[in-house]
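I'd like to ask you about the structure that follows.
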Amino acid sequence: MHHGGTTSIHLTPKIQFAATKSCTKTQNSHIIAHGNLKFINDNPKPKKKEEPDTLIKPRPGMSQFTLDSTYLNDSKKIISERIIPWEGLARSRVVTEDDANHIKILEKQSNENRDNTVKSQLDLYSKVLLNVLSKVDKDDVVKNVLTLINDLLLNVPEFLDALLSLSSIDTGLPFDPFVKHLDKEPLIKSLALYNLVILAKGSPDKEVIIRTFTAITSLIENTDSNFQFIGIQLLQELVSNRKYKTIYQENNLLTNFKPINALITKSSTHPNATGLQLSYNVLLATWILSFNAEINKSIIHSFPQIAGSLLLIAKDSIKLKIVRISVAVLKNFVSCCVTPQEQFKVVKLLLFHDALTTIKTLKERKFAQNGSDEELCSDLAYLSDTLEETVKTKLTSFDEYLTALENPKLLSWASPIHKSSDFWLENSGKFKDSNYKLTRRIFDILGANSNDTTICVVLLNDLQYLIKNLGQDLIHFINTENGGSYKVLIMSFLENNQGNNELRYEALKTIQLLVGHNF
């Protein structure tokens, strides 16, 4: 599968970025920035370096941020070739006659002459184009003006400065005319966002950035991979700036990250459906975010399955570049934590997904054994050492169970503890502690996930072990707590089981234990 209508895969995006390194709170604060991700070949010999905290700004002779999208480039070409009836728009007073004439002058010129004309009249054309953009509403005209502005931003660096200088006239400029069009169809939205991200050099108001992130998220949610690819690149560019990454963190983080997590999940289960180029860029955006401990905490708590997805991608991908970035994200999840306790939770989550086996498999591959990829080997060694140390000194089977209760979507028969009589004999007493705190947690999960038959079947099985081991104390608690609502919840599965006989059977066994029958 390819993106943007091109048959070739270029895994390195045309982006200059820098990851925010906010990992000072972790015990292991040594971060190796993956500068080698900028290499196109799969066997680079990277130099270790630490990325600075802010976006690399364009310097004289340095190219402006450019989206890698054949689809968008082709669309812009088609848009530019369409004839816009500027005279008619002027007659209907949608735009002024002067503004229409100034734009018509540009349309009659070659691109080079057009750029020179604008360069010689920067103040005039910066005002004309934003004035027109703020007034027009018809899609074809909006696309035309957005495309013209975009070409000028990319080709005439002075035009960028001229637009930004308009903030001295109106604090809403130059951003508001673009924000106005963020709710339109995806192509218009893409063009408006492209321009806004370039203009973000000028430090727009916080609300503008929040709106920009929301619109970028809607592109990533789009079912068309062309728009997903555009959205991911725009996100990478913005969150490479510490200030904008903080805004991303503090405003709708989970809503904005949800479609990214969905693409990571899709890449892990159906890699060919996502495509190498999009998969890589999704992981790259996540890697940039993963240098922030607070962001990591929110992501891992809300999307615990991401750990398993990243491990699966690292194990199964045929592209070393994708293996490298997946492992790098996992390494950051472990090393970049708000507290040692949070790090322990992350490690438990990885161990729950059998991370040590995956890491061992990766360490046995050619690139690890011959040391050709120093940073990847370093990340694998760090993960291996950290996880093995935890297994030896801290981890118990009860920790594994607690991890599942913290992340209910992980509950499944894959863990043998649910059927282990020894485990339940050793740990059942803990479910009475703190006024049956863990038992209440089981019922909270049952109530919140009543449509997930796997979770319900597993937890009803667990309750049966607890009832057998704790006897009348637990039976009395279940029958009387919250007016008997816990017992009613169990009984509800006799009818509301979505036709799942296993769920009905487990509910029946649990009820029979509650009323004193042996089964």
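The values are calculated or read from the model by the stated rules, or taken from the named source; none is laboratory data. Keep in mind it's a predicted model, so treat the numbers as computed, not measured. A quick note on method: Cβ atoms are made from the backbone with ideal geometry, for glycine too, and the neighbour counts reach across all protein chains shown. These area figures cover heavy atoms from the full protein model, side chains too; ligands, DNA and RNA do not enter into them. Shrake-Rupley method; radii C 1.70, N 1.55, O 1.52, S 1.80 Å.
Could you check, for segment 96-107, whether at least one of its residues is among the β-branched types (Val, Ile, Thr), open to solvent by 20 Å² or more (accessible area, probe 1.4 Å) and within 25 Å of Gly172 (Cα to Cα)? Write out each step before concluding.
Within segment 96-107, the subset among the β-branched types (Val, Ile, Thr) is 96, 103, 105.
Remaining after also requiring open to solvent by 20 Å² or more (accessible area, probe 1.4 Å): 96, 105.
Now restrict to residues that are within 25 Å of Gly172 (Cα to Cα): 96.
Checked segment 96-107: at least one residue is among the β-branched types (Val, Ile, Thr), open to solvent by 20 Å² or more (accessible area, probe 1.4 Å) and within 25 Å of Gly172 (Cα to Cα).
OK, next. Give segment 165-188 a look and list any residue that's modelled with pLDDT of 95 or more, of a type outside the set (Val, Ile, Thr) and either within 16 Å of Asp74 (Cα to Cα) or open to solvent by less than 30 Å² (accessible area, probe 1.4 Å) (or both), or say none.
Hits for segment 165-188 are Leu166, Pro174, Phe175, Pro177, Phe178, His181, Leu182, Pro186, Leu187.
For segment 241-250, indicate whether the set of residues that are open to solvent by 30 Å² or more (accessible area, probe 1.4 Å) and not in a helix (DSSP H, G or I) is non-empty. Give the steps one after another, and end with the answer.
Within segment 241-250, the subset open to solvent by 30 Å² or more (accessible area, probe 1.4 Å) is 242-243, 246, 249-250.
Restricting the remaining residues to those that are not in a helix (DSSP H, G or I) gives none.
Within segment 241-250, none of the residues are open to solvent by 30 Å² or more (accessible area, probe 1.4 Å) and not in a helix (DSSP H, G or I).
Of all residues in segment 218-233 being within 12 Å of Val282 (Cα to Cα) and within 15 Å of the chain's Cα centre (by Cα), which is most open to solvent (accessible area, probe 1.4 Å)?
Let us first name the residues in segment 218-233 that are within 12 Å of Val282 (Cα to Cα), namely 220, 225, 228-233.
In the following step, the residues that additionally are within 15 Å of the chain's Cα centre (by Cα) were identified as 220, 228-233.
Working: Ile220: 5, Gln228: 22, Phe229: 6, Ile230: 0, Gly231: 0, Ile232: 0, Gln233: 0 Å².
The residue in question is Gln228.
Name the residues in segment 329-352 that are farther than 22 Å from Ala285 by Cβ and not in a helix (DSSP H, G or I), would you?
Matches in segment 329-352: Thr339 only.
Condition check ((1) of a type in the set (A, V, I, L, M); (2) closer than 22 Å to Asn101 by Cβ; (3) part of a helix (DSSP H, G or I)) across all residues:
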| site | (1), (2), (3) |
| --- | --- |
| Glu112 | no, yes, yes |
| Asn116 | no, yes, yes |
| Lys119 | no, yes, yes |
| Val128 | yes, yes, yes |
| Asp137 | no, yes, no |
| Lys143 | no, yes, yes |
| Lys189 | no, no, yes |
| Lys201 | no, no, yes |
| Arg211 | no, no, yes |
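Any residue in segment 328-344 that is open to solvent by less than 10 Å² (accessible area, probe 1.4 Å) sitting within a Cβ distance under 7 Å of a residue that is among the aromatic types (Phe, Trp, Tyr) and not in a helix (DSSP H, G or I)? List the pairs, counting only those 6 or more apart or interchain.
Taking only residues 6 or more apart or on different chains, the pairs are Asn332/Phe291; Cys336/Phe291.
Report the residue count in segment 272-316 for those that are open to solvent by less than 10 Å² (accessible area, probe 1.4 Å) and charged (D, E, K, R).
The total comes to 0.
Taking the options Leu133, Leu124, name whichever one is buried (at least 17 other Cβ atoms within 10 Å of the Cβ), of a type outside the set (S, T, N, Q) and under 26 Å from Val197 (Cα atoms).
Working: Leu124 fails: buried (at least 17 other Cβ atoms within 10 Å of the Cβ).
Testing whether each residue is buried (at least 17 other Cβ atoms within 10 Å of the Cβ), of a type outside the set (S, T, N, Q) and under 26 Å from Val197 (Cα atoms) leaves just Leu133.
Kindly state which helices (runs of 4 or more DSSP H) lie completely within segment 424-510 and contain at least 1 residues that are more than 22 Å from Glu406 (Cα to Cα). Can you show your working first?
On the way: elements: 433-448, 453-470, 472-480, 485-492.
Result: 453-470, 472-480, 485-492.
Please work out if Ile78 is hydrophobic (A, V, I, L, M, F, W, C), part of a helix (DSSP H, G or I) and open to solvent by 50 Å² or more (accessible area, probe 1.4 Å). Outline the logic, then answer.
Numbers: hydrophobic (A, V, I, L, M, F, W, C): yes; part of a helix (DSSP H, G or I): yes; open to solvent by 50 Å² or more (accessible area, probe 1.4 Å): yes.
Considered against the rule, which asks whether it is hydrophobic (A, V, I, L, M, F, W, C), part of a helix (DSSP H, G or I) and open to solvent by 50 Å² or more (accessible area, probe 1.4 Å), Ile78 comes out as yes.
Of (1) in contact with a Ser or Thr (Cβ under 7 Å, 6 or more places away or on another chain); (2) open to solvent by less than 10 Å² (accessible area, probe 1.4 Å); (3) closer than 23 Å to Gly172 by Cβ, Phe213 satisfies all except one. Which?
If we test Phe213 against (1) in contact with a Ser or Thr (Cβ under 7 Å, 6 or more places away or on another chain); (2) open to solvent by less than 10 Å² (accessible area, probe 1.4 Å); (3) closer than 23 Å to Gly172 by Cβ, just (1) comes out false.
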